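**Q** What follows is a structure written as structure tokens; I'll ask about it next.
The values are calculated or read from the model by the stated rules, or taken from the named source; none is laboratory data. Keep in mind that this is a model prediction, so the values were computed, not measured. Because the Cβ atoms are built from the backbone with ideal geometry, glycine has one as well, and the counts that use them run over all protein chains shown. SASA here: full protein model, heavy atoms, side chains in, ligands and nucleic acids out. Shrake-Rupley method; radii C 1.70, N 1.55, O 1.52, S 1.80 Å.
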Amino acid sequence: MKLARQIELLAPAKNLECGIEAINHGADAVYIGAPAFSARAAAGNPIDDIRKLTDYAHLYRARVYVALNTILKDSELKTAEKLIHDIYRAGADALIIQDMGILNLDLPPLPLHASTQCDNRTIEKVQFLEKAGFSQVVLARELSLGEINDIADHTQVPLEVFVHGALCVSYSGQCYISQALSGRSANRGECAQYCRMSYTLQDAAGKTLVADKHLLSLKDLNQSEHLEKLLDAGVSSLKIEGRLKDVSYVKNITAYYRKKLDEIFLKRPEYRPASSGTSLHYFLPDPNKSFNRGFTSYFLSGRNASLASPDTPKSMGEPVGNVKDLSSRFFTYSGSKQVNNGDGLCFLNERKELQGFRVNRVEGNKIYPADMPRLTPGVTLFRNYDHEFEKLLSGKSAERKMKVDFVLSDNNVGFTLDVVDEDGCQACVTARFSREISRKEMVEDNIRTQLSKLGNTPFELDRLEIRLSDNWFIPSSVLSDLKRRVVETLMLVRSITRLRSRIRIKPTFHPYPQESLNYLGNVFNEQARLFYTQHGVSTVSPAYEQYSPSSVPLMFSRYCLRYQLGYCPRFNRGKELPKEPLYLLTGGKRLELSFDCRVCEMRVIT
């Protein structure tokens, strides 16, 4: 019989707390930033915390991936090499990288994952990375379902895709606008997020087409309704974005996707979770109640015109109703959602600017704000902070348990307790105790009561079989001791029998898909240059961060403003086409837009 394919729900961890809660709420794996050289410079973590996280995750056969996915200077390679060995000794299951120079270092047998920063969007690129020894490849967010399916059909390496969270408007690893305008490199983990800023769009004649809008700010990704299609397309790992998100976000979104996947597994036995245990959630997960800019499936089903969030790059949350009548201290609203004391509400004013306020008190449909905002009747209200929901998440909101079966039997010297868990791990302990017939008839009831209490252990009792040759008296203290020791032994067995993947990267010489690399190759050190030359690249230019070439594209995007605004020559929606080139203006900067219709791509140029 063909084995079910393991499917991994991969959650973000800003820190140790987030990582542990991701596991508790159902993640099969978590990814966390290394102490340095992470693509989120503000989300580094000490080695000791990574060790604690791996110890906890491995209880459930869950994995921990460490992100060390920036490009490195020559002077940083030795430090990075030492750090990778520390990460390996801390028990990490894989390292997520972008810089190919790392493959030429002296590495421990730690599996490598190719970061989405590697710009993994073609069959040829993924095939190359597979042959180079990568154990998993994170695909570009922009790919359609058909493109993902094609890559899966032509490769064997496990494929990872983002299913939720913030979207970069540029292909990851191919954005240099932050470096060009502020000296902060996205490929070095210091993105200044120019895509979230306000821009004015002008044509070649200086005519303003759109004024002061967040034209490059996209909605957030949400593929929760397409998970089954992604699995059928060949995806093995489903990734939630958010290594800068707080713990309540991680709890809510992880639990939401866990429930979605478990529903799929019930009807599709060919798929199964990649870790052990079941998460019990003490709240109803809802992605609308966590930070979001509105949701999109991006290009999964093809190009569409509802990708951007031009009014604001901030979280608007869920709509709760509309303003009806105004008073000096309160207003009334109509809507199906209950508003509570302490909620955060927001709205778009007459200039389409987002304004927010805190609810001080609610009486029926009357809302008393802490400070009365300038509202108008009919305006739509959104809730971007749900006080009651956040209060639920601030406490214990989930626990994760693995099922075990107990068998209690007697022997010549006392009693034996055997255990087997859902992964087939077994343990056995014996208690020496003089056997005496009990005068009470409820012995079995007491045994069941004592052995079913597994408390703060990661286990819960599924079945208990009592194989006693007589109605023996067994004190509760003996039963508790048997239970404690058998659980401790089982946890030791689980630790000893867990198979850790050890993959040592070997030198390879297969040809790279391109014969030459310009600044888009992000080659920032000599070892990276050597890697590409040994794979047949004849010309290797240095990274943009090293020499900042002028008049080159700073951003490559499948998202297209011409299409979004109805100016696309191929999909013109009846608008008069503006005179090109088009320009984006912000903070005294003027950026030119170019369009390559052959590949349906927009580029931003200095």
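**Q** Return the percentage of antiparallel bridges among DSSP beta bridges fully within the range 401-484, rounded to the nearest 5 %. Please report the intermediate quantities before stating the final value.
**A** Details: 15 of 23 bridges.
In the range 401-484, approximately 65 percent of DSSP beta bridges are antiparallel ones.
**Q** Toward the positive end of the charge dipole of the range 375-425, about the Cα centre and with charges on Cβ (Lys, Arg +1; Asp, Glu -1), which of 379, 412, 424 goes farthest?
**A** Checking the options against the dipole of the range 375-425, the answer is 379.
**Q** Taking the alpha-carbon distance from residue 78 and a cut-off under 18 Å, which aspartates and glutamates remain once sequence neighbours fewer than 8 residues away in the same chain are dropped?
**A** 86, 99, 106, 526
**Q** How are the alpha carbon pair distances in the range 1-50 distributed across 5 Å bins from zero to the largest one, expressed in percent?
**A** 5, 21, 24, 19, 14, 7, 5, 4, 2, 0
**Q** Which of 591, 398, 274 sits farthest toward the positive end of the charge dipole of the chain, with +1 on the Cβ of Lys and Arg and -1 on the Cβ of Asp and Glu?
**A** 591
**Q** Which whole-number percent gives the relative contact order of the range 496-606, counting Cα pairs below 8 Å spaced six or more residues apart?
**A** Relative CO of the range 496-606 lands at 21 percent.
**Q** Using amide H atoms built 1.01 Å from N in the peptide plane, name the residues 5+ places from residue 385, or on other chains, whose amide H lies under 5 Å from its own.
**A** Under 5 Å from the amide H of residue 385 lie the amide H atoms of 344, each far enough along the sequence or on another chain.
**Q** Show me 215-227, 427-439 ranked by packing, highest mean number of other Cβ atoms within 10 Å first.
**A** 215-227, 427-439
**Q** Now a separate question. For the chain, what is the accessible area per residue in Å² when the probe is 1.4 Å?
**A** 44 Å²
**Q** If you place +1 on the Cβ of every Lys and Arg and -1 on the Cβ of every Asp and Glu, how big does the dipole about the Cα centre of the range 1-119 come out, in debye to the nearest 20?
**A** 260 debye
**Q** Using helices alone, I'd like the mean residue ellipticity at 222 nm for the chain: each DSSP H run of four-plus residues gives -39500 (n - 2.57), total over residue count, nearest 500. Write out the running numbers ahead of the final one.
**A** Details: 14 runs with 142 residues, N = 606.
It lands at -7000 deg cm²/dmol.
**Q** Treating cross-link reach as a plain straight distance, find the lysines whose alpha-carbon is under 19 Å from the alpha-carbon of residue 2, omitting any fewer than eight places away in the same chain.
**A** Within the straight-line limit of under 19 Å, residue 2 reaches these lysines: 267.
**Q** About the Cα centre of the chain, what is the dipole size in debye to 20, counting +1 per Lys and Arg Cβ and -1 per Asp and Glu Cβ, all else neutral?
**A** Dipole magnitude for the chain comes out near 860 debye.
**Q** Please report how far the C-alpha centroid of the range 491-511 lies from that of the range 23-83, rounded to the nearest whole angstrom.
**A** What the calculation gives is 17 Å, centre to centre.
**Q** Using the Karplus curve 6.51 cos²θ - 1.76 cosθ + 1.60 with θ = phi - 60°, work out ³J(HN,Hα) for each residue of the range 109-120 in order, rounded to whole Hz, and write x for Gly and Pro.
**A** So the Karplus estimates, Gly and Pro as x, are x, 10, x, 10, 10, 7, 4, 4, 5, 6, 6, 9 Hz.
**Q** Which lysines have a Cα lying under 23 Å from the Cα of residue 366, excluding residues fewer than 8 positions away in the same chain?
**A** Answer for residue 366, where 23 Å is the Cα cut-off: 289, 324, 337, 391, listed by chain and number.
**Q** In the full protein assembly as shown, how much of residue 93 is accessible to a 1.4 Å probe, in Å² to the nearest 10?
**A** For residue 93, solvent-accessible area is about 20 Å².
**Q** Right, here's the next one. Using θ = phi - 60° and the Karplus relation 6.51 cos²θ - 1.76 cosθ + 1.60, list the HN-Hα couplings for the range 315-323 in order, rounded to whole Hz, with x at every Gly or Pro.
**A** Values per residue, Gly and Pro as x: 7, 9, x, 9, x, 10, x, 10, 5 Hz.
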